[in-house]
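The values are calculated or read from the model by the stated rules, or taken from the named source; none is laboratory data. Remember, it's a predicted structure, so these values are computed and weren't measured experimentally. Because the Cβ atoms are built from the backbone with ideal geometry, glycine has one as well, and the counts that use them run over all protein chains shown. Quick note on the areas: whole protein, heavy atoms, side chains included, nothing else; ligands and nucleic acids left out. Shrake-Rupley method; radii C 1.70, N 1.55, O 1.52, S 1.80 Å.
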Number of protein chains: 2
Amino acid sequence: MKLKAIDISRTASASSIIFDVLRKAIIEGEIAENSPLRQDEIATLFNTSRIPVREAISRLEEQGLVKTQRYKGAIVAGLSAPEAAEVFDLRALLEPEILRNAVPRMSRDCLAEARAHCQAFSDSDSPMEWGDLNRVFHKTLYSASDLKFFIEVADNAMDRVERYVRAQLVISDGMERAGIEHFAILEACEMGDGDRASLLLRDHILGAKRSLLDHFPALTSRQDG
Amino acid sequence: MKLKAIDISRTASASSIIFDVLRKAIIEGEIAENSPLRQDEIATLFNTSRIPVREAISRLEEQGLVKTQRYKGAIVAGLSAPEAAEVFDLRALLEPEILRNAVPRMSRDCLAEARAHCQAFSDSDSPMEWGDLNRVFHKTLYSASDLKFFIEVADNAMDRVERYVRAQLVISDGMERAGIEHFAILEACEMGDGDRASLLLRDHILGAKRSLLDHFPALTSRQDG
DNA sequence: ACTTTGAATATTGGATACAATATGCGATAC
DNA sequence: GTATCGCATATTGTATCCAATATTCAAAGT
């Protein structure tokens, strides 16, 4: 029998859908730091009971994206400047390792896709997109790596600071600089020079950290949910 | 008014208690890999409904300790040899950084406590304790560090491999070697030599990785839940 | 006015009830 | 005997309901 079957058992449950949507909203900064997440309100939005909402919130808490207090509910977790700095330090440690591992495994297609994303990022003048384009570029580079666990941790780290990165790209001259650095990293990858790509990436992340810390007060005062 | 008040709002909820107990049972290897976690069974054990059990399982999944399939339930997640190796590589990257950060911040008390744990580990001839004593020694060293996020990630990494580390300590000569290496690391800390402690720790972890990989087939065939 | 108290409301945590799906087993057809 | 089907049971996912706690606000006392 020839059918294009999909594995229905891996279909998303209500709670995982809600988790994904809330996660996205939080990391993109659509819900302001310290905003409460009301179970009832969310349940109504998704036309479900509060049960799957609660499970989604439990997972978000485990990811460090919200903080909950018994009988008081969950609020979006924010970071202090030193905490954000620490997350960047972790990224600066992990992501270069991932990239070094990925470079020798990159296919022609993968490199082409990365270049496309890199160009799109550089060309875009729509601030709303920058965050996505930035992340998708990094993600594409790492996708060739087989360090699943490293990637998982790096993803979580990025989740925690993406909000600030987005705001920083808009406020500062971060966009131009990031574009240039991305091309340099990409070129090292294309040359097959993992060590160089790795070093450039490290500098890229630490540069972003510095820039972020410089603008941190301005970033956290912006409420936008 | 002077009372030794405790913050009751931070009292543990049923779901967090269940989470803690399940987590402990899983990382200590009391529940075998791939064993199913039956919601009803667990709920009965704790005299609760399945609701808090489900929240606990959601969190465990987010931590990578169990895998779930829709309508089929959760099973304890196991690691392949390369996956375990990757987790050790992550530890070898993170924990030395944590220790380097911690060393200059260690109080006399902290060092004394670490030495006590180190001695206890070295002296113990009760295999059941080894895993705990090992972890508590490492934890004490890191406790002086202010890298909360690094520690969080390192903890999760250790959670995922602790089962194997425990088994390996029992099967191989890992115990003796670990004891010696612990003392060397501790001495470097006592001398205030963070770089040296950091290097020794890295070697310690990579040595454990090597030893673990050598024994991996034997470790994973042992079922004990 | 300021503080305190207590009741009304809002919100969360958990239990029970029901729906959807998986699993095991016997019956039937071949 | 083997394969397939269909029902009974087991298990999970979600909705509804109740209990516990937080929050708000008006009333009363000072």
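Details
- Here is how the number arises for chain B: DSSP H runs of 4 or more residues each give -39500 (n - 2.57), the sum is divided by the residue count, and the result at 222 nm is -24000 deg cm²/dmol.
- Hypothetical label at residue A:148: residues of the stretch B:10-39 whose amide nitrogen lies under 17 Å (7 Å Cα-Cβ projection): B:33-35
- Relative to the longest principal axis of the Cα atoms of chain A, helix A:127-143 runs at roughly 70 degrees.
- Accessible surface, per residue, of the stretch B:47-154 when the full set of protein chains is kept, probe 1.4 Å, Å²: 45 Å²
- Principal-axis tilt of helix A:148-171 within chain A, Cα atoms, nearest 10 degrees: 90 degrees
- Surface composition of the stretch B:145-212: carbon and sulfur atoms hold 53% of the protein heavy-atom accessible area at a 1.4 Å probe.
- In nm, spacing of pseudo-spin labels at residue A:80 and residue B:173 (7 Å Cα→C-beta vector): 4.8 nm
- When chain A is turned onto chain B, the axis of that turn runs closest to one Cβ of chain A, and that residue with its distance in whole Å is A:62, 2.
- Residues of the stretch A:84-129 that bury at least 50 Å² of accessible area when the other protein chains are present, relative to the chain alone (probe 1.4 Å, heavy atoms, ligands and nucleic acids excluded): A:86, A:90, A:93.
- If you sort the three axes of the alpha carbon gyration tensor as a ≥ b ≥ c, you get a/c of 1.5 or more for chain A and a/b no higher than b/c, which makes it oblate.
- When the chymotrypsin sites (Phe, Trp or Tyr not before Pro) in the stretch A:45-95 are filtered for DSSP coil states and for at most 13 other beta-carbon atoms within 10 Å of their beta-carbon, the remaining sites are A:71.
- Shape of the stretch B:12-76 from the C-alpha gyration tensor: rounded (a/c under 1.5, with a ≥ b ≥ c the square roots of its eigenvalues).
- Note on residue B:67/residue B:139: beta-carbon distance plugged into 1/(1 + (r/R0)^6) with R0 of 35 Å gives a FRET efficiency of 0.85.
- FRET efficiency, 1/(1 + (r/R0)^6) with R0 22 Å, evaluated for residue A:110 and residue A:193 via beta carbons: 0.90
- Sorted from closest to farthest, the other copies place their residue A:70 label points 3.5 nm away, with each point set 7 Å from Cα along Cα→Cβ.
- Placing a label point 7 Å from the Cα of residue B:32 along the Cα-to-Cβ line, the residues of the stretch B:42-70 whose backbone N sits under 19 Å from it are B:42, B:66-67.
- Delta accessible area of at least 30 Å² on complex formation, residues of the stretch B:48-71, 1.4 Å probe, chain isolated as reference: B:51, B:54, B:55, B:58, B:59, B:62, B:63, B:69, B:70
- Rounded tilt (10° steps) of B:81-102 against the dominant C-alpha axis of chain B: 50 degrees
- Area buried, chain A against chain B - accessible surface, total, 1.4 angstrom probe, square angstrom: 3100 Å²
- Accessible surface of the stretch B:1-100 [probe 1.4 Å, protein heavy atoms]: carbon and sulfur percent: 54 percent
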